[in-house]
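Each remark here refers to the structure printed beneath this line.
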Amino acid sequence: MNSHKFSPESKMMSHGYKPSLSEGSIKCPIFNTSTFVFNTAEEGKAFFEVAYGIREKEASEEMGLIYSRINNPNLEILEKRLCLWDEADDCATFESGMAAISTVFLEFLKPGDLLVYTHPTYGGTNHFIEHFLSKIGIESIGVFADQSVEEIKSIIEQSGKADKLAMFYLETPGNPTNDMVDIEAYSILAKEFSTDENKVIVAVDNTFMGPLWQHPLKHGADLVLYSATKYIGGHSDVIAGAVLGNQEVMNRVKVLRTFLGNMISPNTAWLLMRSLETLKVRMSQQTKNAQEVAVYLSKQDKVESVSYLGLLPEGSEQYTIYKKQCSAPGGMISFNIKGGEKEAFQFINALQLMKVAVSLGGTESLVQHPNSMTHAGVDAEQKERMNITDKLVRLSIGVEDVKDIIWDVNQALEAVS
């Protein structure tokens, strides 16, 4: 028989699922069950030993089903399919992106540790770092895309906490300005600060690029995180998160998830499996549309500047990082309108096709005002340093006819006095 390596978008229809185990159903059913029957007491014992991290799973051993807080066929099939894009050993899915992020922080950070994270980052992540981790004795240093690795290394050393450095948390591209940071450079820096007793983890929020256009694990990251609500879900009808990485770190994530109980439901897993079948088609169209919208915006008199990966000037450091890490510019655009909040709100309120909402990555185009919405809780001085101002508008481009999107943007700009 001829062998062939199928691409992830082809395997999304069937990978990890055996129809013969489900009455021949072409699609995986929803397993709405709380618990699963063991064939013997010995089998139950073996399953729990692996689930609770008492022992490692043997090479030929399959993890058995125990209880839907621990595992469920819908979760397992979804997680196997998500691994294909990032070529990860394992995946854990969660009830939200923040559940995924907070679980990673709680597993790999302890009181006294130092966390270094990049600005800008999603407002919820920023709040968790600044207002929760600080309360449990975890110190943090925020760094920026325009700071060199040498400068960041010096900042860590001068903090007096270099021996306590436990994690680099990167969001690239950064929300909402599309700032890029070099994952490989941070991974090399993490190795410099690692010791035999303390491995510095590199975790990357890859939500803006989705699992298609950037693969952080290939650039040295230990963990890649997603708000699966966004491009992975893609229809604005689910809330979910995901974490992927090698087997060693994912075992730790999954054991903590078992006891926090923040995994997704079988229904949510089923919806995400449905969405994965069209992920490549959707994201390709969104990127194609976004490229045209970004070019259009860059030519408008009422637009001061456009932040879009496809418009980065060749030869710039940001362009170099983008070309090294990404295969496409994605569907997220931010732009500064001439004026301030008044003009930004006039533009937003005049839109007819786009809806005012704070998510992204769905089939519909969305608009929001980061300074007063998603990043409202971020310190004012930090926002100014991150170029999140009253005049910044963020667009998530959908799959509509691009001529209609551009018409909508044009008439909304005309409404700005």
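The values are calculated or read from the model by the stated rules, or taken from the named source; none is laboratory data. Because the structure is a prediction, the values reported are computed rather than measured. Positions of Cβ are backbone-derived with ideal geometry, glycine not excepted, and every protein chain shown enters the neighbour counts.
Just so you know, in the stretch 43-98 the residues that are of a type in the set (A, V, I, L, M) and touching a Lys or Arg at 6+ places or on another chain (Cβ under 8 Å) include one that is nearest to TYR122 (Cα to Cα), and it is ALA92. Just so you know, in the stretch 187-203 the residues that are hydroxyl-bearing (Ser, Thr, Tyr) and out of contact with any strand residue (DSSP E or B) (no Cβ under 6 Å at 6 or more places or on another chain) include one that is surrounded by the fewest Cβ atoms within 10 Å (Cβ to Cβ), and it is THR195.
Taken as a whole, the structure leaves GLU157 outside the set of residues that are in contact with a Lys or Arg (Cβ under 8 Å, 6 or more places away or on another chain), acidic (Asp, Glu) and assigned to a helix (DSSP H, G or I). Among residues of the stretch 245-257 that are closer than 9 Å to CYS91 by Cα and among the hydrophobic types (A, V, I, L, M, F, W, C), those with a Cβ under 7 angstrom from a residue that is surrounded by fewer than 17 Cβ atoms within 10 Å (Cβ to Cβ) and modelled with pLDDT of 95 or more, sequence gap 6+ or separate chain, pair up as MET250/ASP89.
Identify all residues within the stretch 68-94 that are at pLDDT 90 or above, outside any helix (DSSP H, G or I) and farther than 23 Å from SER25 by Cα; write none if there are none. The answer is ARG69, GLU87, ALA88, ASP89, ASP90, CYS91, ALA92, THR93, PHE94. Each residue in the stretch 265-293 was checked for being closer than 21 Å to ILE405 by Cβ and aliphatic (A, V, I, L, M), and 5 pass. Here is a check on your reading of the model: is ILE54 in the same structural domain as GLY220 (by TED's automatic domain parsing), surrounded by fewer than 20 Cβ atoms within 10 Å (Cβ to Cβ) and over 25 Å from MET332 (Cα atoms)? In short, no.
Just one of the listed residues (GLU139, GLU171, GLU184, GLU130) is within 30 Å of PHE259 (Cα to Cα) and in contact (Cβ under 8 Å) with a residue 60 or more places away in the chain, and it is GLU130. Here TYR231 meets each of (1) part of a helix (DSSP H, G or I); (2) surrounded by fewer than 24 Cβ atoms within 10 Å (Cβ to Cβ) with one exception, condition (2). Taking the numbered list (1) under 19 Å from the mean Cα position of the chain (by Cα); (2) in contact (Cβ under 8 Å) with a residue 24 or more places away in the chain in turn, VAL358 passes all entries but (2). When ALA290, ALA376, ALA380 are checked against the criterion of being aliphatic (A, V, I, L, M) and surrounded by 15 or more Cβ atoms within 10 Å (Cβ to Cβ), a single residue qualifies: ALA290.
Of the strands (runs of 3 or more DSSP E) that lie entirely inside the stretch 305-417, those containing 3 or more residues that are within 23 Å of TYR231 (Cα to Cα), outside the structural domain of TYR122 (by TED's automatic domain parsing) and out of contact with any helix residue (DSSP H, G or I) (no Cβ under 6 Å at 6 or more places or on another chain) span 392-396. Among the residues that make up the stretch 240-255, is at least one of them surrounded by fewer than 23 Cβ atoms within 10 Å (Cβ to Cβ), out of contact with any helix residue (DSSP H, G or I) (no Cβ under 9 Å at 6 or more places or on another chain) and not in a helix (DSSP H, G or I)? Checked against the condition, which is being surrounded by fewer than 23 Cβ atoms within 10 Å (Cβ to Cβ), out of contact with any helix residue (DSSP H, G or I) (no Cβ under 9 Å at 6 or more places or on another chain) and not in a helix (DSSP H, G or I), the stretch 240-255 yields no hits at all. Taking first residues from the stretch 1-16 that are on the phi > 0 side of the Ramachandran plot and partners that are outside any helix (DSSP H, G or I) and buried (at least 16 other Cβ atoms within 10 Å of the Cβ), no Cβ contact under 7 Å between residues at least 6 apart in sequence or on separate chains turns up. Look at the stretch 199-212: where a residue is at pLDDT 95 or above and a partner is basic (Lys, Arg), sitting 6+ places away or on another chain with Cβ atoms under 6 Å, you get THR207/LYS230.
So that you can scan it fast, the table gives a plain yes or no per residue for (1) among the charged types (D, E, K, R); (2) under 13 Å from THR118 (Cβ atoms); (3) over 18 Å from the mean Cα position of the chain (by Cα); (4) exposed (fewer than 14 other Cβ atoms within 10 Å of the Cβ):
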position: LEU133; (1), (2), (3), (4): no, no, yes, no
position: ILE141; (1), (2), (3), (4): no, yes, yes, no
position: SER154; (1), (2), (3), (4): no, no, yes, yes
position: SER159; (1), (2), (3), (4): no, no, yes, no
position: ALA162; (1), (2), (3), (4): no, no, yes, no
position: GLU171; (1), (2), (3), (4): yes, yes, no, no
position: GLY174; (1), (2), (3), (4): no, yes, no, no
position: MET180; (1), (2), (3), (4): no, yes, no, no
position: ALA185; (1), (2), (3), (4): no, yes, yes, no
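The test for being within 29 Å of ARG252 (Cα to Cα), within 31 Å of the chain's Cα centre (by Cα) and part of a loop (DSSP other than H, G, I, E, B) holds for ILE54.
If we scan the stretch 62-85, do we find a residue that is surrounded by fewer than 13 Cβ atoms within 10 Å (Cβ to Cβ), without any contact (Cβ under 8 Å) to a residue 12 or more places away in the chain and not β-branched (Val, Ile, Thr)? Yes, because at least one residue in the stretch 62-85 is surrounded by fewer than 13 Cβ atoms within 10 Å (Cβ to Cβ), without any contact (Cβ under 8 Å) to a residue 12 or more places away in the chain and not β-branched (Val, Ile, Thr). In the condition set (1) buried (at least 21 other Cβ atoms within 10 Å of the Cβ); (2) part of a loop (DSSP other than H, G, I, E, B), GLN300 is compliant with all but (1).
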